Amino acid sequence: MDSQTVGILGGGQLGRMIVEAAQRLNINTVILEEGEQAPAKQINALNKHVNGSFKDPNAIRELAKKCDIMTIEIEHVDTDSLKLIQKETGVKIYPDPDTIELIKDKYLQKKHLKKNEVAVTQSIAVENSISALEAVGDDFGFPFMLKSRTMAYDGRGNFVVKDKTSIKEALEFLKERPLYAEKWAPFTKEVAVMVVRSRDGNVYTYPTVETKHVNNICHTVYAPARVNDTIQKKAQLLAHNAVKSFSGAGIFGVEMFLLPNGELLVNEIAPRPHNSGHYTIDACVTSQFEAHIRAITGLPMPKNFTSLSTPQTHAIMLNVLGAQEANGELQLCKRALETVNASVYLYGKSTRPGRKMGHINIVSQSIEECERKLDYIEGRTDKIAQ
Ligand code: ATP
Ligand code: MG
Ligand code: MG
């Protein structure tokens, strides 16, 4: 297995955890990222990484020289260069650059899913003008969501247009960005499914989980989701069909809205490991990171390798965000270290308020027990749950 080198565009926490999974299988990794001390580079000192931007064709070319397979940990990469380099060098790229190109523009992604009969939130491309947004309001009703088509994460490219009077502010907030509008989804829960696609096109789904956002950032993930079996399976099927519609191999995170009538709509897809899949490290037979490595290097993907470790396994993942006071978030980590069956993952980043610094996985036999442990970790009780 050590004959293949995987080059990763992006060196953040997702890259770091891909490296970790790859190293365990003796698979070499090389990282392309500007920061010399990027999280993914820190834990692989063996190789000479590339210091550069994953948007710079020359830097991508340099990475290609050092690997057999290229992958991404972020979708905002230069896909034109990827396509060219794939042709020129024969380096395999997973997921397929065509897939990354479709997904990184959230409007093109929606159009593609709709064409493939995958249920998605209703969307329309709009120009940056008051009259265009008034027309959307007349059509979709208020509130509606105005989104940047590209470069969006943690809700930073989104603006809730409450009524006609907030249109001006919305345009100001998202000025000079390519826009599209989405009909408001009055969801009761947000759910997500990790899906992995092998090089020969087989699709495997992880369990349906529930994601809870605070200030547009994922706060906790409950695995499995607290929904009935029908919804659990329906979400897996929707995610399966969504990923099946794209070419290439690798792991994908599928975010969905559960509506009051039980209907599910895809919110968006990430063509890479995803925050909602961090629970898999401790709660599933194979982590999302190892599944990705297996998929892109053509390693075996046996039956049930994406299942929860046991039918009784429950988990909660808590994101560790930078606290207001520097390193204040380490308090959470200390309490997690005191807790039975809680695991702490830190990403090696410098602290900043709201920054994703790490995550904590709590695993137990029931979700109630996981919640009791979470109460201790988050300081709502001083009674340690055993
Ligand atoms: P991520 O960090 O997940 O990539 P993002 O910046 O791409 O986030 P979205 O996933 O599009 O943003 O939206 C962020 C959150 O905003 C969603 O998880 C959901 O809570 C809310 N949201 C997004 N679209 C809608 C919608 N059409 N109707 C209602 N709420 C929405
Ligand atoms: Mg997104
Ligand atoms: Mg999202």
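Values for this structure:
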{"item": "Matching residues in the range 259-277 - criterion: being farther than 17 Å from A225 by Cα and near ligand 2 (Cβ under 10 Å from one of its atoms)", "result": "E268, I269, A270"}
{"item": "The range 237-263, subset charged (D, E, K, R) and outside any loop (DSSP other than H, G, I, E, B), residue nearest to ligand 3 (Cβ to nearest atom)", "result": "E255"}
{"item": "Contacts under 9 angstrom Cβ, first residue in the range 266-289 being among the aliphatic types (A, V, I, L, M), partner part of a strand (DSSP E or B) and within 11 Å of ligand 2 (Cβ to nearest atom), 6 or more apart", "result": "V266/E255; I269/G253; I269/E255; A270/G253; A270/E255"}
{"item": "Residue among A323, A315 that is within 15 Å of C284 (Cβ to Cβ) and of a type in the set (G, A, S)", "result": "A315"}
{"item": "Within the range 119-149, tally of residues that are more than 16 Å from ligand 3 (Cβ to nearest atom) and touching a Ser or Thr at 6+ places or on another chain (Cβ under 9 Å)", "result": "2"}
{"item": "Scope the range 151-169; condition within 16 Å of ligand 3 (Cβ to nearest atom), surrounded by fewer than 16 Cβ atoms within 10 Å (Cβ to Cβ), assigned to a loop (DSSP other than H, G, I, E, B) and at negative phi; matching residues", "result": "Y153, R156"}
{"item": "Members of the range 306-332 that are surrounded by fewer than 20 Cβ atoms within 10 Å (Cβ to Cβ) and more than 19 Å from A225 (Cα to Cα)", "result": "G322, A323, Q324, E325, A326, N327, G328, L330, Q331"}
{"item": "Residues located in the range 64-84, provided they are away from ligand 2 (no atom under 16 Å from the Cβ) and either within 17 Å of the chain's Cα centre (by Cα) or within 20 Å of G298 (Cβ to Cβ) (or both)", "result": "A64, K66, C67, D68, I69, M70, T71, L82"}
{"item": "Selection from the range 227-243 of residues that are surrounded by fewer than 14 Cβ atoms within 10 Å (Cβ to Cβ) and under 23 Å from I362 (Cα atoms)", "result": "N228, D229"}
{"item": "Residues within the range 1-35 that are surrounded by 20 or more Cβ atoms within 10 Å (Cβ to Cβ) and on the phi > 0 side of the Ramachandran plot, tallied", "result": "1"}
{"item": "Any chance F187 is within 14 Å of ligand 1 (Cβ to nearest atom), surrounded by 17 or more Cβ atoms within 10 Å (Cβ to Cβ), in a loop (DSSP other than H, G, I, E, B) and at pLDDT 95 or above", "result": "yes"}
{"item": "Unique residue being of a type in the set (K, R), closer than 30 Å to G354 by Cα and either in contact with a strand residue (DSSP E or B) (Cβ under 9 Å, 6 or more places away or on another chain) or away from ligand 3 (no atom under 15 Å from the Cβ) (or both) when the list is K65, K106", "result": "K106"}
{"item": "Residues of the range 271-294 classified as of a type in the set (A, V, I, L, M, F, W, C), crowded, with 24+ Cβ neighbours inside 10 Å and either outside any strand (DSSP E or B) or within 16 Å of ligand 1 (Cβ to nearest atom) (or both), total", "result": "4"}
{"item": "Output for the range 214-239, where each listed residue is over 13 Å from A192 (Cβ atoms), under 18 Å from the mean Cα position of the chain (by Cα) and at pLDDT 95 or above", "result": "H219"}
{"item": "A119 in contact with a Leu (Cβ under 8 Å, 6 or more places away or on another chain), touching a residue at least 60 places away in the same chain (Cβ under 8 Å) and surrounded by fewer than 21 Cβ atoms within 10 Å (Cβ to Cβ)", "result": "yes"}
{"item": "Subset of the range 342-366 (residues that are farther than 25 Å from G155 by Cα, crowded, with 18+ Cβ neighbours inside 10 Å and in contact with a His (Cβ under 6 Å, 6 or more places away or on another chain))", "result": "S364"}
{"item": "Residue among G253, G298 that is away from ligand 2 (no atom under 16 Å from the Cβ) and in contact (Cβ under 8 Å) with a residue 40 or more places away in the chain", "result": "G298"}
{"item": "Breaking point among (1) among the hydrophobic types (A, V, I, L, M, F, W, C); (2) closer than 19 Å to R272 by Cα; (3) touching an Asp or Glu at 6+ places or on another chain (Cβ under 7 Å), for V50", "result": "(2)"}
{"item": "Answer residue from the range 124-150, given it is away from ligand 1 (no atom under 16 Å from the Cβ) and within 30 Å of the chain's Cα centre (by Cα) and is surrounded by the most Cβ atoms within 10 Å (Cβ to Cβ) among those", "result": "N128"}
{"item": "Breaking point among (1) more than 16 Å from ligand 3 (Cβ to nearest atom); (2) closer than 25 Å to M301 by Cα; (3) assigned to a helix (DSSP H, G or I), for R199", "result": "(3)"}
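The values are calculated or read from the model by the stated rules, or taken from the named source; none is laboratory data. Just so we're clear, the structure is a prediction, and the values are computed from it rather than from any experiment. Reconstructed Cβ throughout: ideal geometry from the backbone, glycine too, with neighbour counts over all protein chains shown.
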